[in-house]
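Peer 1: The structure follows.
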Amino acid sequence: AEAGVLIKNAEALERMEKVDTLVIDKTGTLTEGKPAVTGVLPAAGFDEGEVLRLAASLEKASEHPLAAAVITAAANRKLALPEARDFDAPTGKGVLGTVDGKRVVVGTARFLGEHGVEVSSFERAADDFRRDGATTIFISVDDKAAGVIAIADPVKASTPGAIAALK
């Protein structure tokens, strides 16, 4: 029986030597599975805390996994989060509603565009965030681009060693 196991292991290793591509679902496998806000870039006339506060106030009503990262970042800064009114969350696009009497939209660039908000001034910063492995969400306040928020899932300490071993 032991010889059979050794033969099967040798066959598996032989097949692995021929692999040139490995696809892994990184969330919770290569990463900690705990997304966190890694950057906030406000538009002129907005400050970082206000952008985060408005986004988090709206995200409180969301069930999206990235919403928790925005809420946690706001809580870490001890920002007061008022209740959102007129909340809506079209699947896969973002969230929108009213916070402190302001119309707030949070989501993809396309989603904000559907609401008449131009976010092209943030595309370069969003691309920089993405190159660092972050997901970006845009925010508008009263139909004006207010900022971009970067959210990333930190890589596990064991990941570099595991990838080296696979190579």
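Peer 1: Might you let me know whether region 119-131 holds any residue that is of a type in the set (A, V, I, L, M) and more than 20 Å from the chain's Cα centre (by Cα)?
Peer 2: So the first thing to find is which residues in region 119-131 are of a type in the set (A, V, I, L, M), and the list is 119, 125-126.
Checking the rest, the ones that are also more than 20 Å from the chain's Cα centre (by Cα) come to none.
Within region 119-131 (the criterion being of a type in the set (A, V, I, L, M) and more than 20 Å from the chain's Cα centre (by Cα)), the answer is no, since none of the residues qualifies.
Peer 1: Is it the case that region 144-162 has a residue that's in contact with a Pro (Cβ under 6 Å, 6 or more places away or on another chain) and open to solvent by less than 10 Å² (accessible area, probe 1.4 Å)? Walk me through it before giving the result.
Peer 2: Of region 144-162, the ones in contact with a Pro (Cβ under 6 Å, 6 or more places away or on another chain) are 147, 151, 153.
Narrowing further to those that are open to solvent by less than 10 Å² (accessible area, probe 1.4 Å): 147, 151.
So far as region 144-162 goes, yes, one or more of its residues are in contact with a Pro (Cβ under 6 Å, 6 or more places away or on another chain) and open to solvent by less than 10 Å² (accessible area, probe 1.4 Å).
Peer 1: Anything in region 69-87 that is buried (at least 18 other Cβ atoms within 10 Å of the Cβ) and closer than 19 Å to residue 148 by Cβ? List them, or say none.
Peer 2: 69, 70, 71, 73, 74 - these are the residues of region 69-87 that are buried (at least 18 other Cβ atoms within 10 Å of the Cβ) and closer than 19 Å to residue 148 by Cβ.
Peer 1: Something else now. Looking at region 101-124 only, could you name the residues that are in contact with a Gly (Cβ under 8 Å, 6 or more places away or on another chain) and in a helix (DSSP H, G or I)?
Peer 2: Listed by number, the residues that qualify are 111, 112, 122.
Peer 1: Hey, another quick one. Any residue that is of a type in the set (S, T, N, Q) and surrounded by 16 or more Cβ atoms within 10 Å (Cβ to Cβ) - is there at least one of those in region 110-133? Before the answer, list the steps.
Peer 2: Residues of region 110-133 of a type in the set (S, T, N, Q): 120-121.
With surrounded by 16 or more Cβ atoms within 10 Å (Cβ to Cβ) added as a condition, the list becomes none.
Checking region 110-133: not a single residue is of a type in the set (S, T, N, Q) and surrounded by 16 or more Cβ atoms within 10 Å (Cβ to Cβ).
Peer 1: Of the residues in region 88-100, how many are open to solvent by 60 Å² or more (accessible area, probe 1.4 Å), out of contact with any Phe, Trp or Tyr (no Cβ under 8 Å at 6 or more places or on another chain) and either among the basic types (Lys, Arg) or assigned to a loop (DSSP other than H, G, I, E, B) (or both)?
Peer 2: Here is the first cut: in region 88-100, the residues open to solvent by 60 Å² or more (accessible area, probe 1.4 Å) are 88, 91-93, 100.
Subset that is out of contact with any Phe, Trp or Tyr (no Cβ under 8 Å at 6 or more places or on another chain): 88, 91-92, 100.
Of the ones still in play, those that are also either among the basic types (Lys, Arg) or assigned to a loop (DSSP other than H, G, I, E, B) (or both) are 91-92, 100.
The qualifying residues number 3.
Peer 1: Let me ask something else about it. Starting from residues that are in a helix (DSSP H, G or I) and touching a helix residue (DSSP H, G or I) at 6+ places or on another chain (Cβ under 8 Å), keep the ones in region 25-56 and report whichever is most open to solvent (accessible area, probe 1.4 Å). Break it down stepwise before answering.
Peer 2: Keep residues of region 25-56 that are in a helix (DSSP H, G or I), which gives 48-56.
Okay, now just the ones that are also touching a helix residue (DSSP H, G or I) at 6+ places or on another chain (Cβ under 8 Å), so 52-53, 55-56.
Working: 52: 1, 53: 38, 55: 0, 56: 0 Å².
Among them, the one singled out is 53.
The values are calculated or read from the model by the stated rules, or taken from the named source; none is laboratory data. The structure displayed is predicted, hence computed values, not measured ones. Quick reminder, even Gly has a Cβ in these numbers, built from the backbone with ideal geometry, and neighbours come from all protein chains shown. To get the accessible areas, we keep the full protein, side chains included, count just its heavy atoms, and leave off ligands, DNA and RNA. Shrake-Rupley method; radii C 1.70, N 1.55, O 1.52, S 1.80 Å.
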